[in-house]
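Chemist: Sharing a structure, written as structure tokens. Questions coming.
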Amino acid sequence: MVEVPVAEVLVVGAGPVGLTLACELARHGLRPRIIDAAPQPSDYCRAIGVTPRTLEVWDDMGVAREMIDAGLWLTGLRSVVNGRRTADAAQPDPGLPYAALGLPQYETERILTRHLAGFGIAIERGAVLAALSQDAEGVGARVARAGRPAEEVRAAYVVGCDGAHSAVRRLLGIGFTGAAYPWPFMLGDVRIDWDVPYGMSVRALRLVDGGPPDMFIAIPLPEPGRYRISMLAPPHLVPGSRTDHGIQAELAGPTLADLQAVADDLLPDPAPLSALRWSSVYRISMRLADAYRRGRCFIAGDAAHIHPPTGGQGMNTGIQDAYNLAWKLALVLKGASPDGLLDSYEGERRPVGADVIARTRKASEGYGRERGGAPDRAADAQVSISYRGTAFVEDEAGGPDDVGPAVGDRAPDVNGLVRQGLGFPLRLFDVLRGTRHVLLVHLNGACEPGTMQDLADWMRDHLLRDHLRVVVVASRAAGHALPGAELLEDRTGAFAEAYGRRATSCLVRPDGHLGWRGRSWREPGLRAHLRRLFPAA
């Protein structure tokens, strides 16, 4: 175990990204500090849409059920274009463990804050990051609080999850390349009296040349009849505002009459708005940080990438930034993995941020003008994100007859697996859940005594009990045992269908992506990969 300064990790920002990171660090056995400049949580419902992949992350964290109970399933879209209503489009079945969820950001933060409290960690509010300095041993951070002397905090690492105007990014001198949209928007939380089914979103557009369409977008909230609505803001609401991203806190929000005027203009049927809970004016930008790491400091979420809200990708991408970084920080701080593993965070996640910006820019510029071709549902669900070709993923099983996920891909879930002694089937995700790497050994047939003995010998020589588990999948496993491993029967062939019918072995990382794959656990490449990943262990 390496020696660490007073705080192992200082997390700056207590939105969904910072909270996810702090919760994950705690689940991996660390004790982070988390600060936020705001004296209290925001009441604004900024992000709503939760992708299926984020729900998989929350499943692993143990909070998915609570999130689902607080939200609603997004069931489809009703469109009105140039005053004419088209057929309602049902939300397609993604064929994944989870569908798309609607959940107000303040509910997401409430649940994650309570989950973090279960680890004995509280958000330190009203704490402003004022200065950063770092050396080979750690980071010095000055934290200012109103009415109190500034505190000097020493941490092994600092992660800025503090939004588009990130103090961490600014203090590190990291560029934020991109530009602001010239058009301001307004939004509000209202009740709408209309015949739209529960869970269905509404978009009404008037297409214009040379700019964005006039729009009225209503995203349902869990409370029946309530919606978060957004639309272009009229010039009189944004005089002289220069903030290039986010809610314009210095400006008064639109009135109910401002919002109703747009609804009356664009919707063919009456839609009375009432019970305005809050409203605001906001701007959007498209920017990508020039780097995600400077020495012992990192940035994640909106601090690293901002873009139009089309498709609800922003918060979800940031949560998955945190999920990617947490297990790597934990292994390095525990002395099990080299510092170079932390470089893979930028190598894996920055291309994802760039891709999201490109896709949301294209979608927003063509909003309402879609012509041909189905949307990329896997991309929208964020399950197609892959780290193929990056530094810490290695493939020794590829070939012309290759079937199944590639190294770097998300490990697919599988239903119907059977474990001896259990009177119910298992999902593969039930087995993968946890903080350690999992070696999946697919035998492509029945367990054989000789194979079990060979694997037992390998485990004796190679198993890193603090960092690695072994799971064996076979067509028949009854009557066999492998102490220290889980034996699962693939009675329906679902695993072979998803991962390929030939014998293979896969190393699944704590974030659910494949880090190594080969024809057998006997491959010398697996031993080399484990030595590279866990040199100290």
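Chemist: How large is the helix-only mean residue ellipticity at 222 nm for the chain, computed as the sum of -39500 (n - 2.57) over DSSP H runs with n ≥ 4, divided by its residue count, in deg cm²/dmol to the nearest 500?
Modeler: Estimated from H runs of four or more residues: -8000 deg cm²/dmol.
Chemist: With labels modelled as points extended 7 Å from the Cα through the Cβ direction, what inter-label distance (nm, one decimal) is found for Asp93 paired with Asn415?
Modeler: Label at Asp93, label at Asn415, 0.9 nm between them.
Chemist: Something else now. How many nm separate the modelled label positions at Asp135 and Trp278, each set 7 Å beyond the Cα in the direction of the Cβ?
Modeler: Reported label-point gap for Asp135 and Trp278 is 4.3 nm.
Chemist: Roughly how much of Cys161 is accessible, in Å² to the nearest 10, using a 1.4 Å probe?
Modeler: 20
Chemist: Would you rank Lys362, Lys328 by solvent-accessible area, highest first, keeping every protein chain in place and using a 1.4 Å probe?
Modeler: My answer, sorted largest first, is Lys362, Lys328.
Chemist: What are the ³J(HN,Hα) values, in whole Hz, obtained from phi via the Karplus relation 6.51 cos²θ - 1.76 cosθ + 1.60 with θ = phi - 60°, for each residue of the stretch 30-43 in sequence order, with x given for Gly and Pro?
Modeler: Calculated HN-Hα couplings, in order: 9, 10, x, 9, 10, 10, 8, 5, 6, x, 8, x, 6, 8 Hz.
Chemist: Here is a further query. Suppose accessible area is computed on protein heavy atoms with a 1.4 Å probe; arrange Met286, Met186 from highest to lowest.
Modeler: So, going from the largest accessible area down, we get Met286, Met186.
Chemist: A further question on this structure: Using heavy-atom solvent-accessible surface (probe 1.4 Å) with all chains present, what is the largest-first order of Arg361, Arg501?
Modeler: Greatest to least solvent exposure: Arg501, Arg361.
Chemist: To continue, here is another question. What percentage of the solvent-accessible surface of the chain, computed with a 1.4 Å probe over protein heavy atoms, is contributed by carbon and sulfur atoms?
Modeler: 52
The values are calculated or read from the model by the stated rules, or taken from the named source; none is laboratory data. Since this is a predicted model, take the numbers as computed values, not measurements. Cβ: placed from backbone, ideal geometry, glycine included. Neighbour counts: every protein chain shown. In case anyone asks, the SASA skips ligands and DNA or RNA and just uses the protein heavy atoms, side chains included. Shrake-Rupley method; radii C 1.70, N 1.55, O 1.52, S 1.80 Å.
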